[in-house]
Structure formats: structure tokens, C-alpha cells
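The block underneath contains the structure these notes are about, expressed in C-alpha cells.
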Amino acid sequence: TEYPFKERIALHIETPGPVGFPLELRIPAWVEAPIVAVGGELLSGAEAGKFFRIEREWKNGDTVDIAFPMTPRAERHYRGGVAILRGPVVFSLPIGAEWKKVAGEEPHADWEVHPTTPWNYALVVNVEKPSASLRVVEAKSFDSAFSTANPPVVVKAQAVRAPQWKLENGSAGPLPQSPVRLAGEPEAVTLIPYGAAKLRITVFPEARSGK
């Protein structure tokens, strides 16, 4: 399996002979239409947010195929900000970073990290139907779950700079209240899994056109 970055999970049963036991699968609450099949036969009754119990006599070579369909979704947060999720994975904007040692010696030195790429973006996203404005791209192969350069999955989005969102005391200032006015042409941004982005923005203001 490459879950949680891809939808499908395959279980293969290896046993020296027929054996009866229950198999319980936890179905995540975010799944809209879970799919469970044994030996290619679809099973009914799997529900989001519950355990699905399969009780039968298993034999060597049996398979259980599971699919948790994933579509991007948007969650509201502080001051109306928006975070993007797909399945159980939260996505963030990775920010270029310059590290500077300011005191001490390795391995317990003190460091400062400064952004080298823009970070103060507002997302242009349809919060009610985020799939209409977001595009998911799964990697054919990836280095590791925490790779910044080659992550297992990314979300392509549109965003605009929010100039009113500034640094304060060396950190990102308070999140502007959403929505913010859409000013200028949106640009493409790539969001990667939260754990892969070391310096990151995860909750964004929402940008809308009009007043």
C-alpha cells in the first residue's frame, strides 16, 4: 500500500490451512464511499467513521481489496482561514529557507531560519467545492513520505499575494480575516504534505473577487 497518499490498500492472507477469524477494518470518517472486496466480490455495509467486520473462514491466497476514495476538501480555521486536506493528509505551502547559526555549538546550537520565497498568499479556492479549483498529482515514484523535493502527492492551487499579511517580530503576523479582496492575477502554487514542508504555511486567507 501507499496509503495515505493513494486510495487503495491490498491485504493478502497467508495461512497453512483454512482458519476462521474476524477481520475488522476501521473506515475513516472522511471517506464518502468506501469500497471493500474479498476475492473480487464487493461487500456491502462499510460506513464512514465505523468499523467494518468481516467474519469468515479464510484460506491461503485470499485477498481483501480496500479503496478509500480521496478528494480535496477545505476546512475553515482561525479568522475564516482555509486549510486543504486530502484523505487524512494536510497540505502546506513549502517556503524556501535560509538557516543561520546564531549561537552555541553542534549538536545543540541556536539557529535562525529566514524565508527566501514568498509566503503571504491567499488561496483562490471554492471552499464548498474545492475539487473544482484544486488539482491532485500523485508521484509515480517518490523518495520518502517526508521528501520536500519529490513528495508522494501534491495539490496544485491558485493563489494571490496578500500584502496586508506581514512579518511581525520575526514571524508571520496574524492571519488576515477572510475573505480578502482578490487583487491582481492569481498564480500557480504547489502544496505538499505537511510533514514534508519544513518551513510552511498551512492555513491561508481565502481570496475572493469583488468588494
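Overview of values
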{"read-out": "Yes/no for VAL64 being closer than 30 Å to VAL124 by Cβ, out of contact with any Gly (no Cβ under 7 Å at 6 or more places or on another chain) and β-branched (Val, Ile, Thr)", "value": "no"}
{"read-out": "Positions within region 1-46 being open to solvent by 70 Å² or more (accessible area, probe 1.4 Å) and polar (S, T, N, Q), in sequence order", "value": "THR1, SER44"}
{"read-out": "Condition broken by LEU23, with the remaining ones in (1) closer than 26 Å to LYS140 by Cα; (2) part of a strand (DSSP E or B) satisfied", "value": "(1)"}
{"read-out": "Filter pass, VAL124 being closer than 29 Å to SER147 by Cα, in contact (Cβ under 8 Å) with a residue 60 or more places away in the chain, touching a strand residue (DSSP E or B) at 6+ places or on another chain (Cβ under 6 Å) and β-branched (Val, Ile, Thr)", "value": "yes"}
{"read-out": "Residues being open to solvent by less than 60 Å² (accessible area, probe 1.4 Å), under 17 Å from ARG161 (Cβ atoms), of a type in the set (A, V, I, L, M) and over 13 Å from the mean Cα position of the chain (by Cα) - total across region 179-200", "value": "3"}
{"read-out": "Region 153-169, residues that are touching a residue at least 24 places away in the same chain (Cβ under 8 Å) and within 25 Å of ALA196 (Cβ to Cβ)", "value": "VAL153, VAL154, VAL155, LYS156, ALA157, GLN158, ALA159, VAL160, ARG161, ALA162, TRP165"}
{"read-out": "Extreme residue, least open to solvent (accessible area, probe 1.4 Å), among residues of region 201-211 that are assigned to a loop (DSSP other than H, G, I, E, B) and closer than 20 Å to VAL113 by Cβ", "value": "THR202"}
{"read-out": "Subset of region 99-142 that is outside any loop (DSSP other than H, G, I, E, B) and touching a Ser or Thr at 6+ places or on another chain (Cβ under 9 Å) - its residue that is surrounded by the fewest Cβ atoms within 10 Å (Cβ to Cβ)", "value": "VAL137"}
{"read-out": "Any hit, region 148-168, residues being in contact with a helix residue (DSSP H, G or I) (Cβ under 6 Å, 6 or more places away or on another chain), surrounded by fewer than 20 Cβ atoms within 10 Å (Cβ to Cβ) and either at pLDDT 95 or above or of a type outside the set (A, V, I, L, M) (or both)", "value": "yes"}
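The values are calculated or read from the model by the stated rules, or taken from the named source; none is laboratory data. Treat the numbers as computed from the prediction; the structure is a model and nothing was measured. Cβ atoms come from the backbone with ideal geometry, glycine included; neighbour counts cover every protein chain shown. Please note that ligands, DNA and RNA were not included when accessible areas were found on the heavy atoms of the full protein model with its side chains. Shrake-Rupley method; radii C 1.70, N 1.55, O 1.52, S 1.80 Å.
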